[in-house]
1. Under 30 Å from ARG161 (Cα atoms), modelled with pLDDT of 75 or more and among the aliphatic types (A, V, I, L, M): does that describe VAL79?
2. ARG169 passes all but one of (1) loosely packed, with under 15 Cβ neighbours inside 10 Å; (2) out of contact with any Ser or Thr (no Cβ under 6 Å at 6 or more places or on another chain); which number fails?
3. Could you say which residue among VAL133, VAL156 is within 18 Å of LEU194 (Cβ to Cβ), touching a helix residue (DSSP H, G or I) at 6+ places or on another chain (Cβ under 6 Å) and not in a strand (DSSP E or B)?
4. Give the range 179-202 a look and list any residue that's modelled with pLDDT under 90 and within 15 Å of LEU144 (Cβ to Cβ), or say none.
5. When the residues of the range 103-136 are filtered to those that are β-branched (Val, Ile, Thr) and within 18 Å of ARG169 (Cβ to Cβ), which remaining residue is surrounded by the fewest Cβ atoms within 10 Å (Cβ to Cβ)?
6. Can you tell me which condition ARG169 does not meet? The list is (1) in contact with a Leu (Cβ under 6 Å, 6 or more places away or on another chain); (2) of a type outside the set (Gly, Ala, Ser); (3) in a helix (DSSP H, G or I), and all the others hold.
7. Against the conditions (1) in a helix (DSSP H, G or I); (2) modelled with pLDDT of 85 or more; (3) within 25 Å of the chain's Cα centre (by Cα), where does ARG161 fall short? Just the number, please.
Amino acid sequence: MSLSAEEKKKFLKALEEDEEFKFAVAGLLGYREILERIVELEKGQKELKSGQEELKASVEELKSGQEELKADFKRLERVVNAIAHRFGVLSEESFREGMRYILEEEFGVAKVSKFVTKDEEGIVYGHPSEVEVDVLIKDGRHILIEIKSRVSKGDVAELHRIGLLYEERVGVKPFLAIIGGMIDEGAKKLADELGVKIIPVA
């Protein structure tokens, strides 16, 4: 018995669109078990893909948690360093070095250079002296930075005067910043008035 062209066309269409019919025909031809395995394999691949997506999301969540934990440890280190220096366990130099990574967090770079000049007019200290300050130049912006374990009104006023001297010598008005462990209340108020940014270590 042979099928007409139209019957063959209908038969093939039924195989494509009717899964029950396809399995029935496959069973008659001895391929039903193979088709069932293929279907199971396709289901397994979909489940695997779904599991991979869930795993990827879990990895991203873990990575985010690690970054938060790292930031918490850094904040804790700042506080411990400030307290250690306050009670004489950590020297001023060690404290300053320990705070350098804050520069990278705040300004994107950790390395700074020194600006040293002779202040003959006594602008900074009221008498002729040598003045030294950390300076960071990034994207055309000049940033003068002081690192203090304790920030007082005097520290703020001093950096402001150094900024005036720097502007006179270099011809650029600098941005002024103090990284501090303990900050006096009066220092905060004066910093706001003089345009000095105080960056707390914690």
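1. Numbers: under 30 Å from ARG161 (Cα atoms): yes; modelled with pLDDT of 75 or more: no; among the aliphatic types (A, V, I, L, M): yes.
For VAL79, the condition - under 30 Å from ARG161 (Cα atoms), modelled with pLDDT of 75 or more and among the aliphatic types (A, V, I, L, M) - is not met.
2. The failed condition is (2).
3. It is VAL156.
4. Within the range 179-202, ILE179, GLY180, ILE199 meet the criteria.
5. VAL116
6. Against the list (1) in contact with a Leu (Cβ under 6 Å, 6 or more places away or on another chain); (2) of a type outside the set (Gly, Ala, Ser); (3) in a helix (DSSP H, G or I), ARG169 comes up short only on (1).
7. (3)
The values are calculated or read from the model by the stated rules, or taken from the named source; none is laboratory data. If you're wondering where the values come from, they're calculated on a predicted model, not measured in any experiment. No Cβ is skipped: glycine too gets one built from the backbone with ideal geometry, and neighbour counts run over all protein chains shown.
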